[in-house]
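All remarks here apply to the structure that follows.
The values are calculated or read from the model by the stated rules, or taken from the named source; none is laboratory data. Please read all numbers here as calculations on a predicted model, not as lab measurements. Counting neighbours? That spans all protein chains shown, and the Cβs are built from the backbone with ideal geometry, glycine included. Please note that ligands, DNA and RNA were not included when accessible areas were found on the heavy atoms of the full protein model with its side chains. Shrake-Rupley method; radii C 1.70, N 1.55, O 1.52, S 1.80 Å.
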Amino acid sequence: FAEFDGAVERIARGMIACGLEPGERIGIWAPNCAEWVLTLFAAARAGLTLVNLNPAYRTTEIDFALSLVGCRALVFARRFKTSDYAGMLASLIPELEAAAPGRLVCAAFPELRLLIQLGKVPLAGTLSFEDLAAAGHDLDETVLASIESRVDPDDVFNIQFTSGTTGTPKGAALTHFNIVNNGFF
């Protein structure tokens, strides 16, 4: 658990060092993996709102979800099964290839600035997850501690999309208290 806590802290510090601020939204579009759990806990410590994006989403669904919630950052797998996430993102964000990591300016998603790719070799315009962890190395440790001290149990921490039987998905907002209480029960 100490090793896990250290990894979460490195990712949270990296998120802050990359310019993410409390209250901003960070999406995750990936199958079950260790980085998913690290992102969840790091986002909570950094005061961010984590947006769960269904790994089965196709281009139109990810377009809809990202437009609806206004993510500042997105952690994504390059691909999963038959889904080419990188290809879908490249089709939605033509500016990505020429963007400097963390400095994306995108017409389709004006709030989106940072894409973090799982895996060792990131696409142009993205950071690798390892680079994210390393980004916070020189961050003053009091910065994260200050943010953590201001996180309130009633702050929205998570947005989960529900599809229902008709229409487009709807985002359900859950607080830190909701998430912890659901886990407890």
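Element breakdown for the chain at a 1.4 angstrom probe: carbon and sulfur atoms account for 56% of the accessible area.
Of the residues Cys33, Gly47, Pro94, the one whose Cα sits farthest toward the positive end of the charge dipole of region 27-111, with +1 on the Cβ of Lys and Arg and -1 on the Cβ of Asp and Glu, is Cys33. If you bin all the Cα-Cα distances of region 1-59 at 10 Å, starting from zero, the percentages per bin are 24, 50, 23, 2. A DSSP coil position with no more than 13 other Cβ atoms inside 10 Å describes the following trypsin sites (Lys or Arg not before Pro) in region 115-185: Lys120. Amide H contacts of Phe157: Leu174, Thr175, His176, each under 5 Å away and 5 or more positions distant or on a separate chain (H built 1.01 Å from N in the peptide plane; Pro and chain starts excluded).
Here is how the number arises for the chain: DSSP H runs of 4 or more residues each give -39500 (n - 2.57), the sum is divided by the residue count, and the result at 222 nm is -11500 deg cm²/dmol.
So, for region 34-174, what is the accessible surface per residue at a probe of 1.4 Å, expressed in square angstrom?
Ligands and nucleic acids excluded, the result is 50 Å² per residue.
Rounded to the nearest 20 debye, the dipole size of the chain about its Cα centre is 580 debye, using +1 on the Cβ of Lys and Arg and -1 on the Cβ of Asp and Glu.
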